[in-house]
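Beneath this line is the structure, given in structure tokens, with notes to follow.
The values are calculated or read from the model by the stated rules, or taken from the named source; none is laboratory data. Bear in mind the structure is a predicted one, so any value in this text is a computation, not a measurement. Here the Cβ is made from the backbone with ideal geometry for all residues, glycine too, and neighbour counts use every protein chain on show. With ligands, DNA and RNA removed, areas are computed over all heavy atoms of the protein, side chains included. Shrake-Rupley method; radii C 1.70, N 1.55, O 1.52, S 1.80 Å.
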Amino acid sequence: MTDLSLVRSDFPILDRSVNGHPLVYLDSAATTQKPVQVIDAIDEYYRRHNANVHRGAYTLAAEATAMYEGARERVASFINAGSPREVVFTRGTTTSLNHVAYGWGLNHLQAGDRVLLTMMEHHSNIVPWQLISRYTGIELVYLPLSDDYLVDLSKLEDLLDERVKVISFSGMSNVTGAVGPTDLVEAARSVGALSIIDGAQLVPHMPTDVRALGADFLAFSSHKMLGPTGIGVLWGRPERLEEMEPTEGGGEMIRDVQLHESRWAPVPQRFEAGTPPIAEAVGFGAAIDYLSKLGMDEVRAHDRAITGYALERMSTIPDLTVYGPEDLDQRGGAVSFQLADVHAHDIATILDQYGIAVRAGHHCAKPLMRSLDLAATARASFYVYTSRSDVDRLVDGLLEARTVFGLA
Ligand SMILES: Cc1ncc(COP(=O)(O)O)c(C=O)c1O
């Protein structure tokens, strides 16, 4: 097994205790912990370089601008983009998807058009489309899942026709861990539709090459890949970004402003109105350096190994059901589960007493939960610092929970 958990000493928070026990952090699908390299980069930026970007003629402003744009270059090469100009900094995946829905969708979609989604979408890839359907009259249609929790592509034939103008799908589920159907990119192309990938879970966990993926847009968040909160990315094909209208107006995004009209700055500044998250970009750049040094193939191999170990150990716990694909090639490291009919929040509360952090709830994917006939699950999710002993502690905690709830 590739043991990336050796990097644990880079993550100061993992040294702390919670409720008298060493912390076991198993909520990385919600947000990841930060290595000291990222924390130090942000600290150093504020101590030595802080200034606003793009408009100062003095040294600090030039340094801040170089650091901000340097982060954009790092992101571009991390996802093999053609140019840093294809990388728009946003607040995160949610904002990125809203940019496309409002900036592209409002201007290109009309009544009778369809947006094709899947049943495993996060709310951030559902609600923006519902919001613009109020203005445009578009219809949302959903590809169902098969029994193995993967998107059922055999149903595509029934749904794919010239009314479909957008196909937007998750590259990896934050609930079941299932990988998304990248074949949908080709399907979109076959009917001249736009393809969008919600990469919030995909990009942190798999090597990502936007040229190989072939989609029109990819959205992801820094905080799910060791970077700070408050910054994320909308990558877009240059011609698609040109077709998109800005959704926010203000400073930084204009070329000229007259009293009654304005002309926009070039892409990507056109979509970055106002003072951007500069320190966050610097921290994000450090996170990308950190992941690149580990190597994304290694990150994927570690995820795979730790998930395999977790699934194997959890399968020995009586009354425990795991919801997600069994095939490790078809999944990442988010493991949703239920213990008999014990409420997921009660499981999470018991585990917390042992210092183990798991999430409980609908995971911002209510349509998916309903399709699985569930109100809530508990979820353990892993990243580069997760060790086998973390999984062992989870299993011990769940066995304890069985006793507490009278199942043992
Ligand atoms: C699959 C997926 N999409 C979108 C999001 C939204 O990301 P953010 O809250 O960083 O905007 C998440 C966050 O959990 C996610 O897991």
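Going by the structure shown, is VAL191 surrounded by fewer than 24 Cβ atoms within 10 Å (Cβ to Cβ), more than 12 Å from the ligand (Cβ to nearest atom) and more than 14 Å from the chain's Cα centre (by Cα)? Don't jump to the end; show me each part of the working.
On the way: surrounded by fewer than 24 Cβ atoms within 10 Å (Cβ to Cβ): yes; more than 12 Å from the ligand (Cβ to nearest atom): yes; more than 14 Å from the chain's Cα centre (by Cα): yes.
Considered against the rule, which asks whether it is surrounded by fewer than 24 Cβ atoms within 10 Å (Cβ to Cβ), more than 12 Å from the ligand (Cβ to nearest atom) and more than 14 Å from the chain's Cα centre (by Cα), VAL191 comes out as yes.
Could you list, in sequence order, the residues of the range 125-145 that are assigned to a helix (DSSP H, G or I), within 29 Å of GLY324 (Cα to Cα) and open to solvent by 50 Å² or more (accessible area, probe 1.4 Å)? Write out each step before concluding.
Let us first name the residues in the range 125-145 that are assigned to a helix (DSSP H, G or I), namely 125, 127-136.
Then drop every residue that is not within 29 Å of GLY324 (Cα to Cα), which leaves 125, 127-130.
Correct list: VAL127, GLN130.
Test ALA301 against the criterion of being hydrophobic (A, V, I, L, M, F, W, C) and farther than 21 Å from MET225 by Cβ, and give yes or no. Walk me through how you get there before you give the answer.
Working: hydrophobic (A, V, I, L, M, F, W, C): yes; farther than 21 Å from MET225 by Cβ: no.
No: the conditions fail for ALA301.
Only one residue in LEU226, LEU241, LEU218, LEU234 is in contact (Cβ under 8 Å) with a residue 40 or more places away in the chain, open to solvent by less than 20 Å² (accessible area, probe 1.4 Å) and away from the ligand (no atom under 15 Å from the Cβ), so which one is that?
LEU241
May I ask you to list the residues in the range 336-378 that are farther than 16 Å from LEU407 by Cα, part of a loop (DSSP other than H, G, I, E, B) and among the acidic types (Asp, Glu)?
Answer for the range 336-378, where residues must be farther than 16 Å from LEU407 by Cα, part of a loop (DSSP other than H, G, I, E, B) and among the acidic types (Asp, Glu): just ASP373.
Checking the conditions here, which among VAL115, VAL88 is hydrophobic (A, V, I, L, M, F, W, C), in contact with an Asp or Glu (Cβ under 8 Å, 6 or more places away or on another chain), free of Cβ contacts under 8 Å to residues at least 60 places away in the same chain and not in a loop (DSSP other than H, G, I, E, B)?
Only one candidate passes the filter, namely VAL115.
Of the conditions (1) farther than 16 Å from PHE220 by Cα; (2) within 16 Å of the ligand (Cβ to nearest atom); (3) without any contact (Cβ under 8 Å) to a residue 60 or more places away in the chain, THR59 clears all except one; give me its number.
Unmet for THR59, out of (1) farther than 16 Å from PHE220 by Cα; (2) within 16 Å of the ligand (Cβ to nearest atom); (3) without any contact (Cβ under 8 Å) to a residue 60 or more places away in the chain: (2).
Scan the range 66-77 residue by residue and report those that are closer than 14 Å to ALA281 by Cα and either of a type in the set (Gly, Ala, Ser) or open to solvent by less than 30 Å² (accessible area, probe 1.4 Å) (or both). Give the steps one after another, and end with the answer.
Keep residues of the range 66-77 that are closer than 14 Å to ALA281 by Cα, which gives 66-76.
The answer is ALA66, TYR68, GLY70, ALA71, ARG72, VAL75, ALA76.
When you go through (1) touching a residue at least 60 places away in the same chain (Cβ under 8 Å); (2) part of a loop (DSSP other than H, G, I, E, B); (3) in contact with a helix residue (DSSP H, G or I) (Cβ under 8 Å, 6 or more places away or on another chain) one by one for PRO325, which number turns out not to apply?
It is condition (3) that PRO325 fails.
Check the range 104-124 and report whether any residue there is in contact with a Leu (Cβ under 9 Å, 6 or more places away or on another chain), open to solvent by less than 20 Å² (accessible area, probe 1.4 Å) and either at pLDDT below 95 or among the acidic types (Asp, Glu) (or both).
Keep residues of the range 104-124 that are in contact with a Leu (Cβ under 9 Å, 6 or more places away or on another chain), which gives 104-105, 108, 114-122, 124.
Now restrict to residues that are open to solvent by less than 20 Å² (accessible area, probe 1.4 Å): 104-105, 115-118, 120-121, 124.
Now drop any that are not either at pLDDT below 95 or among the acidic types (Asp, Glu) (or both), which leaves 121.
Yes, the range 104-124 contains at least one residue that is in contact with a Leu (Cβ under 9 Å, 6 or more places away or on another chain), open to solvent by less than 20 Å² (accessible area, probe 1.4 Å) and either at pLDDT below 95 or among the acidic types (Asp, Glu) (or both).
Look through ASN80, ASN52 and report the one residue that is part of a loop (DSSP other than H, G, I, E, B), polar (S, T, N, Q), open to solvent by 20 Å² or more (accessible area, probe 1.4 Å) and within 29 Å of THR176 (Cβ to Cβ). Break it down into steps so the answer makes sense when it comes.
On the way: ASN52 fails: within 29 Å of THR176 (Cβ to Cβ).
Result of the check over ASN80, ASN52: ASN80.
Count, please, the residues in the range 297-317 that happen to be assigned to a helix (DSSP H, G or I) and either among the hydroxyl-bearing types (Ser, Thr, Tyr) or in contact with a Ser or Thr (Cβ under 8 Å, 6 or more places away or on another chain) (or both).
7
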